[in-house]
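Okay, structure first, notes after.
The values are calculated or read from the model by the stated rules, or taken from the named source; none is laboratory data. No experiment lies behind these values; they were computed from the predicted model shown. Neighbour counts are summed over all protein chains in view; Cβ atoms, including those assigned to glycine, are modelled from backbone coordinates with ideal geometry.
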């Protein structure tokens with residue numbers, strides 16, 4: 001998957017969790033989305049895992065600062081799967 | 001996906017995106033609530049459950065106390081995160097027309113709240129409390145070296161504590177109590193030997209579970225048996241250690257829809273709202289094959305084939321349900337005498353006629369028959385579970401009688417019992433001598449009165465089926481299947497004339513005759529080749545229907561009307577003025593004794609074999625109205 005494809009798929013995930021379209025940029029973070037609570041953060045993580053068929057570790061999740069980090073993480077996981 | 005996690009007893013939601021858009025755009029709250037209820041009767045994953053729950057929240061803000069929904073006030077008493085389970089529980093309650101209001105006791109403070117009569121919890125006045133204690137909180141640890149007696153004593157102390165909590169809840173709050181059992185999550189210390197080492201975490205937990213179940217039964221506390229469900233799907237599925245350490249969630253979010261349903265069915269059982277009666281179809285549900293066509297001796301049931309064994313196992317499960325107090329009934333499209341003969345004369349049949357409180361076998365639509373069954377038993381339609389392998393019948397009942405529980409039925413009979421069990425329709429919170437006697441009582445009262453009349457207007461349903469009838473000549477390609485249908489169809493068959501392949505080929509190759517086959521598809525899929533009509537020219541102006549037969553699977557949908565229109569049109573194109581037909585009675589084709597009358601023919605006298613002879617003037621024929629699109633097959 002290219003970065004663009006990952007962003008597009010992620011926007012679908014965000015739309016499902018927040019019920020509204022959110023334009024995702026690398027720097028988008030919880031601070032930009034009022035509904036992005038710690039509760040919804042877990043839902044986002046689980047929905048992303050389901051959508052991309054990957055698993056994040058506890059360390060992965062703690063290191064996430066923004067959407068750019070999330071995309072990079074997904075990309076790395078997908079690349080690992082291909083090997 | 002066919003898994004309990006996906007709620008596999010519910011039908012799939014055909015177009016989730018469109019359904020959620022339509023929901024969001026529905027302005028009237030009552031209409032929106034009905035839409036939410038309709039969507040809730042489908043398979044939903046945890047994200048979809050969350051979306052649906054947000055629409056429910058929005059709707060209830062506008063319409064706080066909707067009629068026809070029963071409120072439930074549930075206090076959640078837990079030692080870990082439960083918030084993520086709320087949407088699934090609310091939607092699962094809604095599925096049962098229960099509106100769940102929740103009080104979430106602050107994380108791990110349920111004990112203080114229970115002890116203080118002035119606490120927020122006490123003031124909130126729940127009518128049910130669910131106690132969810134995680135594996136770490138509920139831990140009993142007598143030490144790995146503990147003797148059996150020491151373990152028993154430690155478990156006993158823990159159970160006493162729990163009983164005290166239950167008593168506080170039921171006495172202080174005056175509410176029913178549900179206790180969630182805890183799955184075994186401890187990693188193995190010895191391996192399989194853990195089970196035998198009295199002090200190992202695995203053995204201690206197993207002993208504790210057993211003791212809790214016994215105490216709960218004695219104290220009339222209901223169980224939400226997560227431990228058994230955990231072993232059913234695997235604790236690795238239910239429990240995600242990453243989620244535990246990230247958010248203290250014992251139940252992984254993807255399992256929330258199933259967990260919610262498990263909770264909701266216990267709440268429904270506490271309210272006496274579990275289903276009471278299992279209504280079973282016969283052909284391809286209790287046995288393989290169609291008794292009216294195949295005959296009793298050729299039914300697939302019992303030893304001799306894997307499918308036969310699977311059908312027998314399903315019958316055994318139905319009988320077990322009957323023994324615990326679930327009423328059994330039959331609702332089948334069949335000649336009653338033929339359907340009954342399967343039970344009286346097949347040696348491998350597990351169920352017997354007297355296992356059924358009501359036995360309905362006729363050709364009326366099943367919604368009408370289900371109403372009659374409920375009336376006969378004097379129970380609500382919402383007490384019925386309707387189990388039928390035919391998706392069109394299931395769709396009809398769901399559309400006509402949304403209060404009847406209609407589980408999906410897998411293709412393979414090997415999975416029937418499991419899907420029915422997973423659906424949890426018959427959830428109970430107690431088992432008494434009355435339950436044991438109940439099935440028998442219903443059987444007696446059911447046998448006393450069994451009369452069936454009245455039909456439902458089904459036009460809307462038939463129209464929504466979007467049926468398409470494809471007409472084709474009997475040709476080399478279709479010859480085998482047509483011959484097969486001609487030779488096995490016994491019920492919808494006016495003359496029951498049998499043909500071999502060569503004889504049929506000869507018939508079809510005569511340019512003056514008509515030999516047509518019909519395929520029917522609907523929005524559920526292709527029913528395949530379902531009807532055959534053979535007609536020969538008695539003269540240039542006269543056409544005689546030699547054979548008119550149809551599979552019983554598509555009865556009651558007006559297919560024969562569409563077929564007749566087609567025949568008349570073809571006859572007219574050939575200059576035919578008169579079409580004749582004959583009905584030759586057999587032991588099995590009483591169903592079509594009046595077919596020609598229904599199709600617009602006039603009786604002209606007695607016919608061969610004690611039957612009747614019919615005529616139709618092509619000029620005076622008014623095409624029948626039906627809901628089927630027709631076309632030539634390509």
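Things worth noting here:
- Residue in segment B:126-142 that is more than 20 Å from residue B:83 (Cα to Cα), crowded, with 16+ Cβ neighbours inside 10 Å and more than 38 Å from the chain's Cα centre (by Cα) present: yes
- Within segment A:38-57, the set of residues being within 10 Å of chain B (Cβ to nearest Cβ) and in a loop (DSSP other than H, G, I, E, B) comprises A:55, A:56, A:57.
- When A:68, A:12 are checked against the criterion of being assigned to a helix (DSSP H, G or I) and away from chain B (no Cβ under 14 Å), A:68 stands alone in meeting it.
- Members of segment B:465-479 found to be surrounded by 17 or more Cβ atoms within 10 Å (Cβ to Cβ), within 36 Å of the chain's Cα centre (by Cα) and in a loop (DSSP other than H, G, I, E, B), listed by number: B:465, B:478
- Exactly one residue out of B:207, B:243 is in a helix (DSSP H, G or I), more than 30 Å from the chain's Cα centre (by Cα) and in contact (Cβ under 8 Å) with a residue 24 or more places away in the chain: that is B:207.
- Test: residue in segment B:613-624 that is modelled with pLDDT under 95 and within 36 Å of the chain's Cα centre (by Cα): yes
- Extreme residue, farthest from residue B:130 (Cα to Cα), among residues of segment B:49-85 that are buried (at least 19 other Cβ atoms within 10 Å of the Cβ) and in contact (Cβ under 8 Å) with a residue 60 or more places away in the chain: B:49
- Residue A:22 in contact with a helix residue (DSSP H, G or I) (Cβ under 6 Å, 6 or more places away or on another chain), more than 14 Å from every other protein chain (Cβ to nearest Cβ) and not in a helix (DSSP H, G or I): yes
- When segment B:57-77 is filtered for residues that are over 29 Å from residue B:113 (Cα atoms) and either more than 24 Å from the chain's Cα centre (by Cα) or not in a loop (DSSP other than H, G, I, E, B) (or both), the ones remaining, listed by number, are B:58, B:59, B:62, B:63, B:66, B:67.
- The test for being at pLDDT below 95, touching a helix residue (DSSP H, G or I) at 6+ places or on another chain (Cβ under 7 Å), surrounded by 20 or more Cβ atoms within 10 Å (Cβ to Cβ) and more than 14 Å from every other protein chain (Cβ to nearest Cβ) does not hold for residue B:302.
Condition check ((1) at pLDDT 95 or above; (2) buried (at least 23 other Cβ atoms within 10 Å of the Cβ)) across all residues:
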position: B:512; (1), (2): no, no
position: B:525; (1), (2): no, no
position: B:528; (1), (2): no, no
position: B:538; (1), (2): no, no
position: B:546; (1), (2): yes, no
position: B:549; (1), (2): yes, yes
position: B:553; (1), (2): no, no
position: B:564; (1), (2): yes, yes
position: B:588; (1), (2): no, no
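- Filter result for residue B:260 (in contact with a helix residue (DSSP H, G or I) (Cβ under 7 Å, 6 or more places away or on another chain) and free of Cβ contacts under 8 Å to residues at least 40 places away in the same chain): no
- Segment B:6-37 - residue that is in contact (Cβ under 8 Å) with a residue 12 or more places away in the chain, farther than 23 Å from residue B:85 by Cβ and in a helix (DSSP H, G or I) and, of those, nearest to the other protein chains (Cβ to nearest Cβ): B:24
- Selected residue (only one of A:30, A:63 is away from chain B (no Cβ under 11 Å) and within 22 Å of residue B:83 (Cβ to Cβ)): A:30
- Cβ-Cβ distances below 8 Å connect no pair with a first residue in segment B:610-634 that is without any contact (Cβ under 8 Å) to a residue 24 or more places away in the chain, a second residue that is surrounded by fewer than 16 Cβ atoms within 10 Å (Cβ to Cβ) and part of a loop (DSSP other than H, G, I, E, B), and a separation of six or more residues or different chains.
- Residue satisfying all of: in segment A:8-27; surrounded by 18 or more Cβ atoms within 10 Å (Cβ to Cβ) and in contact (Cβ under 8 Å) with a residue 40 or more places away in the chain; nearest to the chain's Cα centre (by Cα) among these: A:10
- Test: residue in segment B:401-417 that is under 30 Å from residue B:214 (Cβ atoms) and under 20 Å from the mean Cα position of the chain (by Cα): yes
- Counted as qualifying within segment B:81-196 are the helices (runs of 4 or more DSSP H) with 3 or more residues that are in contact with a strand residue (DSSP E or B) (Cβ under 7 Å, 6 or more places away or on another chain), away from chain A (no Cβ under 14 Å) and closer than 20 Å to residue B:221 by Cβ, namely B:148-172.
- Checking each residue in segment B:216-240 for being over 20 Å from residue B:3 (Cα atoms) and not in a strand (DSSP E or B) picks out B:216, B:217, B:218, B:219, B:220, B:221.
- Just one of the numbered conditions (1) modelled with pLDDT of 95 or more; (2) within 30 Å of residue B:182 (Cβ to Cβ) is not true of residue B:289: (2).
- Scanning segment B:246-281 for residues that are within 14 Å of chain A (Cβ to nearest Cβ), surrounded by fewer than 24 Cβ atoms within 10 Å (Cβ to Cβ) and part of a helix (DSSP H, G or I) gives B:246, B:247, B:254.
- Considered as a group, the residues in segment B:51-60 that are over 13 Å from residue B:92 (Cβ atoms) and touching a helix residue (DSSP H, G or I) at 6+ places or on another chain (Cβ under 7 Å) include one that is farthest from the other protein chains (Cβ to nearest Cβ), and that residue is B:59.
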